[in-house]
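Q: So that we are looking at the same thing, I have put the structure below in structure tokens.
The values are calculated or read from the model by the stated rules, or taken from the named source; none is laboratory data. Keep in mind the model is a prediction, meaning the values are calculated, not measured. Positions of Cβ are generated from backbone atoms using ideal geometry, with glycine treated the same way; all protein chains shown enter the neighbour counts. Protein only, heavy atoms only, side chains kept; ligands, DNA and RNA dropped before computing areas. Shrake-Rupley method; radii C 1.70, N 1.55, O 1.52, S 1.80 Å.
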Amino acid sequence: LGSSFVLGQACPGGTPGCVQANSASGWGASSTSVTLTNNVVSGNTLAVGIEWGSSTVTISSITASRGCTVSGFVQPTPVNGSNPSTYSNVSTAAIAYGIIIAGGPCTVTTNLAGSVPSQFLTVQELQVGAYDCSSMNHQDSPGTGTDAVTSLSCPTTANGDYLLGEYFDMAANGGTWTAGTGFVLETNSGAEGSQTEDQVQSTAGPVAATFTTSTSWAHPTTALMARSE
């Protein structure tokens, strides 16, 4: 593993490079917050995934508070799809990241331009390198079975990339989600929300985040963000 990874530090699934994670859901409001259990560390990265119940309400800002400072959250442009990604007139999903410049207690808040019926938020502290690539793909009724849901691929450029995949349940159909081949499950923001998975890629090249869904009538958006070592 690259020098940016610290063995023994991991999210619930145990993948090196992911320090801690938390998630939350909210109802009938314009903002949602997640507080990380442990103090965050300067130089690490905060990765954010959010899905909300509107295709017209936009995201205004993502902020960090309670003692930590972030250099500003970036919504990367994926090589496949768009970020944010909308589904019909139902929902929107987005991914973002920010570099921690002052460590300490940390609450991450996503602020929308108006109130929405539901929001689902995941936040992960990562001890990784620079942003490499991302992809984001929406599917309607993708079917069930092995790796039925995919982000489509993005071309990583460095060996040992940390790969963070996220499945957004865009139509609130529930069901169960299983990590794709080589990934382990991490955070879950609720039965109708989003699920993250991760792995460390050994060799540079095209890679996709994949999931198995138990609901053949699902309308998922799947995202991948790769960070170099």
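Q: Check off (1) surrounded by 15 or more Cβ atoms within 10 Å (Cβ to Cβ); (2) in contact with a Gly (Cβ under 8 Å, 6 or more places away or on another chain); (3) over 22 Å from E197 (Cα atoms) for S25 and give me the number that stays unchecked.
A: (3)
Q: Could you grab me the full set of residues in segment 74-84 that are open to solvent by 10 Å² or more (accessible area, probe 1.4 Å) and in contact (Cβ under 8 Å) with a residue 60 or more places away in the chain?
A: Keep residues of segment 74-84 that are open to solvent by 10 Å² or more (accessible area, probe 1.4 Å), which gives 74-75, 77-84.
Listed by number, the residues that qualify are P78, V79, N80, G81, N83.
Q: A further question on this structure: Just for segment 129-169: of the residues that are part of a loop (DSSP other than H, G, I, E, B), of a type in the set (A, V, I, L, M, F, W, C) and modelled with pLDDT of 95 or more, which one is farthest from N80 (Cα to Cα)? Step through it out loud before you land on a result.
A: Taking segment 129-169 first, the residues part of a loop (DSSP other than H, G, I, E, B) are 129-130, 139-148, 151-153, 156-161.
Those still in the list that are of a type in the set (A, V, I, L, M, F, W, C) too: 130, 148, 152, 158.
Keeping just the survivors that are modelled with pLDDT of 95 or more gives 130, 152.
Working: A130: 19, L152: 7 Å.
This residue is A130.
Q: While we're here: If R66 meets every condition in (1) open to solvent by less than 30 Å² (accessible area, probe 1.4 Å); (2) touching a Pro at 6+ places or on another chain (Cβ under 7 Å) apart from one, which number is that one?
A: Unmet condition: (1).
Q: Now for a separate question. Please state which one of A148, A113, A158 is surrounded by fewer than 16 Cβ atoms within 10 Å (Cβ to Cβ), of a type in the set (A, V, I, L, M) and more than 16 Å from the chain's Cα centre (by Cα).
A: Numbers: A148 fails: surrounded by fewer than 16 Cβ atoms within 10 Å (Cβ to Cβ); A158 fails: surrounded by fewer than 16 Cβ atoms within 10 Å (Cβ to Cβ).
When all the criteria are applied, what remains is A113.
Q: Among residues belonging to segment 161-173 that are within 19 Å of T212 (Cα to Cα) and among the charged types (D, E, K, R), point out the one that is farthest from the chain's Cα centre (by Cα). So that I can check it myself, show each step before the final result.
A: Narrowing segment 161-173 to residues within 19 Å of T212 (Cα to Cα): 163-173.
From the residues that got through so far, the ones that are among the charged types (D, E, K, R) too are 166, 169.
Numbers: E166: 5, D169: 12 Å.
Among them, the one singled out is D169.
Q: Just checking, does segment 4-16 include any residue being aliphatic (A, V, I, L, M) and touching a Gly at 6+ places or on another chain (Cβ under 9 Å)? Can you show your working first?
A: To start, the set of residues in segment 4-16 that are aliphatic (A, V, I, L, M) comprises 6-7, 10.
If we keep only those that are touching a Gly at 6+ places or on another chain (Cβ under 9 Å) as well, we get 6, 10.
Checked against the condition, which is being aliphatic (A, V, I, L, M) and touching a Gly at 6+ places or on another chain (Cβ under 9 Å), segment 4-16 yields at least one hit.
Q: Going through segment 177-229 one residue at a time, which ones are of a type in the set (S, T, N, Q), under 17 Å from E51 (Cα atoms) and part of a loop (DSSP other than H, G, I, E, B)?
A: S189 - this is the single residue of segment 177-229 that is of a type in the set (S, T, N, Q), under 17 Å from E51 (Cα atoms) and part of a loop (DSSP other than H, G, I, E, B).
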